[in-house]
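The values are calculated or read from the model by the stated rules, or taken from the named source; none is laboratory data. Quick caveat: nothing in here was measured; it's all calculated off a predicted structure. All Cβ positions, even for glycine, are placed from backbone atoms using ideal geometry, and neighbour counts span all protein chains on display. Note: accessible area is taken over every heavy atom of the protein model, side chains too, but ligands, DNA and RNA are not part of it. Shrake-Rupley method; radii C 1.70, N 1.55, O 1.52, S 1.80 Å.
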Amino acid sequence: MARPERPIPSSDPDLERLAQWLRTLRRTAGLTHRDMVKRSGHAFSAPTFSRAASGHRIPRLLVVEAYARACGAPAGEARRLWQAARYAEHRRRNPGAGVPRPDRVYDRDGLNHALRELYYKAGAMPVDEMERRAGQHGELPHSTVLRMLAGRSMLDLAQLMAFLRVCDVTEGVEVERWRGAWRRARRRLDVERQGTRLARLHEASAPSRGRARDKNASSSMGGSVTHPRFLPYPHAALAGSWKQRTGEAARPTRT
């Protein structure tokens, strides 16, 4: 005879809802945890399935989905309850958290912030698991997701679509809002990069412009320009005129 399950802690309503749903599934299916191990192809152990429905902590998504499938239930509902529990936990740790509206996103930082909050709302699954769920052809590299979450880069449009799909954003209108947010952010980024490129070209051409000004000034003076340091001393010319005057004064006067 199976051991009776302990009461579910009631301090976390979303976690309690997930645990109660899992327990109800198993009782309705009339299965033991060992039966579930066999039905899941030994993907997880009996203690792992037992802990998943204990209500003490949020289990991994893969465990929750395997639990549901072993009991003959759709994995989508299990994932929805798991996401709700994970996001509630995130909100408790970050009271001001919330997903910004895509139609209020205008630049790369705003887009990355909105996608980061969407990531937490979707349960913040490991990025390598996101890569696996996006597809087998590199549609969403985990390294790219890590850089985006850190605010160091921006997803391209195909990666954005894969990211939304993994985060269960599939409704057409909502997907189009995110697409519009990406386009605005991309246009802004392109303008900023072009401005930076022009500024660098301007700085690089400054020395050549200075040399051109010097050359023009030299041409306007009809010859080469001598640096003031190397001009002849003014008293040299004065000395010649002084000798001439004193020589004239020293010659005797004819009578």
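Some observations on this one:
- Figure note: H202, H56, H33 ranked by solvent-accessible area, largest first, 1.4 Å probe, ligands and nucleic acids not counted: H56, H202, H33.
- Largest to smallest accessible area among V175, V145 [probe 1.4 Å]: V175, V145
- Here segment 34-149 has 48 percent of its accessible surface on carbon and sulfur atoms, given a 1.4 Å probe and all protein chains in place.
- Gain in span if fully extended, E171 to H42, counting 0.36 nm per residue against the direct Cα distance: 43.0 nm
- Rounded if a/c under 1.5, otherwise prolate or oblate - segment 1-84, Cα gyration tensor axes: oblate
- Here the Karplus curve 6.51 cos²θ - 1.76 cosθ + 1.60, taken at θ = phi - 60°, turns the phi angles of segment 17-23 into couplings of 5, 5, 5, 5, 4, 5, 5 Hz, with x standing for Gly and Pro.
- Largest to smallest accessible area among D107, D128 [probe 1.4 Å]: D128, D107
- Using only side-chain charges placed at the Cβ, +1 for Lys and Arg and -1 for Asp and Glu, the dipole size of segment 81-170 relative to its Cα centre rounds to 320 debye.
- Distance (nanometres) between label positions extended 7 Å along Cα→Cβ at R93 and R27: 3.2 nm
- Where segment 105-204 is the region considered: accessible area per residue in Å², 1.4 Å probe: 56 Å²
- In the complete set of protein chains, residue-level accessible area for S50 is approximately 50 Å², probe 1.4 angstrom.
- Model label points for L189 and S153, set 7 angstrom from Cα along the Cα-to-Cβ axis, are 1.0 nm apart.
- Candidates P95, G30, G76 compared by Cα position along the dipole of segment 1-110: farthest toward the positive end lies G30, with charges placed on Cβ.
- Solvent accessible area, Å² - R92, 1.4 Å probe, full protein context: 130 Å²
- At the residue level, T28 shows approximately 120 square angstrom of accessible surface with a 1.4 angstrom probe and all protein chains present.
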